[in-house]
1. I'd like to check which helices (runs of 4 or more DSSP H) are fully inside the range 1-104 and have at least 2 residues that are modelled with pLDDT under 80.
2. Regarding residue 117, is this residue more than 26 Å from residue 64 (Cα to Cα) and either of a type outside the set (Ser, Thr, Tyr) or surrounded by 11 or more Cβ atoms within 10 Å (Cβ to Cβ) (or both)?
Amino acid sequence: MKRHSVCFAVILLVATAAFAQQPAPGDAPASKEDIQKLFDVMQIHQQMRQVMDAMMKQQAIMMHQTLKQRYPQMSAEKIARADRLMQETMKDMPMDAMLDDMIPIYQKHFSKTDIDAMTAFYASPTGHKMMQEMPALTTESMQASSVRMQKQMEAVMRQAEQIVNEDQEKPKPATPPSQEKN
């Protein structure tokens with residue numbers, strides 16, 4: 001679940017300029033190099049890392065709250081183990097491969113003209129400011145929605161526990177005695 005929210009946030013970061021519709025017929029398609037240039041101008045690698053770091057901090061807070069509520073007897077050592085697991089998962093995120101996966105998506109939705117315009121925008125002072133502010137915007141947005149997300153996670157956990165409890169409460173079918181032939 002945490003990995004999905006991280007991927008979603010990364011895609012959201014990269015798609016900040018995705019206000020345009022499908023490229024108009026006749027527009028030249030954007031090349032892989034055009035999109036890589038846009039990603040370079042956006043300093044997308046650095047941006048992704050900053051967003052992922054901010055998300056990890058927020059996820060850790062939420063995870064700690066959830067674990068403390070659900071398992072009050074859980075030791076600090078086990079919580080630290082969960083933190084390390086989450087950090088290892090994030091460290092191993094293949095950012096270059098994720099960006100490569102996004103290139104065909106950009107090519108599908110944006111023409112060369114669109115990509116050139118976005119590259120020009122992100123090379124401008126306003127574009128630079130937007131990219132500078134993006135990690136703070138993402139962090140503050142996550143903090144603002146964390147209470148809502150925590151309630152949602154609690155509801156899902158209650159439903160999962162209910163399913164587990166239902167399975168445990170079902171009587172097991174009696175096995176018929178083996179019939180021996182004399």
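1. Values: elements: 2-14, 32-41, 44-70, 76-91.
So the answer is 2-14, 44-70, 76-91.
2. Answer is yes for this residue.
The values are calculated or read from the model by the stated rules, or taken from the named source; none is laboratory data. Note that this is a predicted model, so its numbers are computed, not measured. Cβ sites come from the backbone with ideal geometry, for glycine too, and all protein chains shown count toward neighbours.
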